[in-house]
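Shown next, in structure tokens, is the structure this report addresses.
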Amino acid sequence: MTTKKIAVLAGDGIGPEIVAQALRVVDALELDVTTEEALVGGAAYDAYGHPLPPETLALAKVADAVLFGAVGDWKYDKLERRLRPEQAILGLRKELGLFANLRPAICYPELTAASSLKPELVAGLDILIIRELTGDIYFGQPRGRRAAPDGAFAGADEAFDTMRYTRPEIERIAHVAFRAARGRNKRLTSVDKANVLETFQFWKDVVTEVHAEYPDVTLDHLYVDNAAMQLVRAPKSFDVIVTGNMFGDILSDEAAMLTGSIGMLPSASLDSSGKGLYEPSHGSAPDIAGRDVANPLATILSLAMLLRYSLDHADAANRVEAAVREVLASGHRTADIAGSGERAIGTRTMGDAVVAALGRTTGITKA
Ligand SMILES: NC(=O)C1=CN([C@@H]2O[C@H](COP(=O)(O)OP(=O)(O)OC[C@H]3O[C@@H](n4cnc5c(N)ncnc54)[C@H](O)[C@@H]3O)[C@@H](O)[C@H]2O)C=CC1
Ligand SMILES: CC(C)CC(=O)C(=O)O
Ligand SMILES: [Mg+2]
């Protein structure tokens with residue numbers, strides 16, 4: 001077997017702190033895997049004048065998988081858009097063809113009290129949000145600023161973006177979602193805004209057509225406003241959710257709080273061949289950066305997804321997930337998931353706990 005390479009792009013804010021803990025887990029696993037780091041986001045802009053330098057993109061392309069921290073900081077918000085740190089993650093998704101973003105929202109039993117919902121609403125929660133990641137209004141052209149060409153405010157300054165999806169883009173994400181649902185509880189909810197937006201009437205029509213190939217999966221449709229409400233009313237009514245780029249971005253942050261914290265929500269962004277980029281669902285959290293308080297578990301759980309989906313190391317992935325469950329069961333809590341009266345530990349101490357627990361886990365059974 002050839003040695004696999006992980007490209008490590010830690011990025012900005014808490015990115016380097018949380019990725020450092022995931023790298024300690026990689027070391028502790030003693031796999032036949034190498035890692036290579038590169039700058040991305042604001043850190044790359046500072047060093048090279050671009051958030052996604054060619055060297056970083058080339059490393060991401062040649063590696064078997066990418067482990068990503070987060071990018072962004074308020075100090076870059078005045079840069080022209082193409083130079084802003086966020087363009088790095090958007091560029092990587094587009095350049096690597098990472099159209100399928102899997103965001104599992106699992107409420108670990110020990111964290112039911114950390115959720116902002118009543119424990120009975122989230123106990124046992126295990127839903128999967130599948131977000132289309134390379135289309136929609138985040139990438140649609142044209143976009144820009146101009147003088148409004150018509151309407152009541154003709155001539156006034158305006159800004160505009162374009163929401164669009166092609167049939168193949170919807171079909172391929174629908175297939176990913178139906179296949180995922182087939183491997184779980186066979187229920188898929190497609191979230192749209194078909195009552196208002198042509199793009200999402202088309203989305204709904206195409207998902208309904210693809211459903212014909214998956215008669216064993218139950219499909220229903222929700223408008224995104226209702227979906228946002230149902231997620232906090234009865235989150236366990238969902239199994240798999242599939243939706244567009246922007247709605248998935250918003251709904252997955254909402255779902256994070258069902259699990260206790262945004263610091264618990266991992267993600268995998270996959271192409272059609274199994275190559276992937278793995279990152280926590282959260283951002284660079286500049287408000288807590290450099291203070292050793294960020295929760296590294298979403299990043300460590302993203303590493304587990306990397307091991308499972310891109311490196312074919314299911315046993316190692318199971319070990320990492322079992323170690324995370326063990327540290328939670330033994331009461332380790334960063335500040336974001338610590339209840340009143342519970343002592344909060346730092347980012348690095350949480351990493352210590354996971355590495356120690358790893359020594360006690362096996363990959364034989366999924367805990
Ligand atoms: N994939 C990426 O690189 C992403 C980058 N961003 C960027 O991150 C920057 C900050 O964006 P925000 O909207 O504040 O979102 P954010 O997700 O960075 O932070 C939102 C809130 O959650 C907290 N938080 C986030 N991760 C945490 C963790 N691991 N442990 C404990 N608390 C955590 C933060 O302290 C903050 O209060 C912006 O520049 C934004 O564009 C945002 C989302 C994704
Ligand atoms: C730059 C943003 C689109 C990143 C984000 O919010 C996300 O991927 O969840
Ligand atoms: Mg987001």
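The values are calculated or read from the model by the stated rules, or taken from the named source; none is laboratory data. All figures in this text were calculated on a predicted structure; none of them were measured in a lab. Cβ sites come from the backbone with ideal geometry, for glycine too, and all protein chains shown count toward neighbours.
What the table below lists for this structure:
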item	result
Test: residue in the range 191-213 that is on the phi > 0 side of the Ramachandran plot and not polar (S, T, N, Q)	no
One residue from 52, 29, 9 being in contact with a Phe, Trp or Tyr (Cβ under 7 Å, 6 or more places away or on another chain) and either within 23 Å of residue 356 (Cα to Cα) or surrounded by 18 or more Cβ atoms within 10 Å (Cβ to Cβ) (or both)	9
Any hit, the range 206-215, residues being within 26 Å of residue 143 (Cβ to Cβ) and crowded, with 18+ Cβ neighbours inside 10 Å	yes
Of the criteria (1) part of a helix (DSSP H, G or I); (2) within 16 Å of residue 63 (Cα to Cα); (3) of a type in the set (D, E, K, R), which one residue 321 fails	(2)
Failed condition for residue 163, given (1) within 16 Å of ligand 2 (Cβ to nearest atom); (2) under 19 Å from the mean Cα position of the chain (by Cα); (3) not aromatic (Phe, Trp, Tyr); (4) not in a helix (DSSP H, G or I)	(2)
Residues (more than 14 Å from ligand 3 (Cβ to nearest atom) and buried (at least 24 other Cβ atoms within 10 Å of the Cβ)) located in the range 239-257	240, 241, 242
Given (1) within 20 Å of residue 66 (Cβ to Cβ); (2) in contact with a Phe, Trp or Tyr (Cβ under 6 Å, 6 or more places away or on another chain), number of the condition residue 316 does not satisfy	(2)
Scan of the range 157-168 for residues that are touching a strand residue (DSSP E or B) at 6+ places or on another chain (Cβ under 9 Å), over 13 Å from residue 243 (Cβ atoms) and surrounded by 10 or more Cβ atoms within 10 Å (Cβ to Cβ), ordered by number	158, 160, 161
Filter result for the condition that a residue is modelled with pLDDT under 95 and either surrounded by fewer than 24 Cβ atoms within 10 Å (Cβ to Cβ) or away from ligand 3 (no atom under 16 Å from the Cβ) (or both), over 360, 308	360
Verdict on residue 298 being within 15 Å of ligand 3 (Cβ to nearest atom), within 17 Å of the chain's Cα centre (by Cα), at pLDDT 95 or above and buried (at least 23 other Cβ atoms within 10 Å of the Cβ)	yes
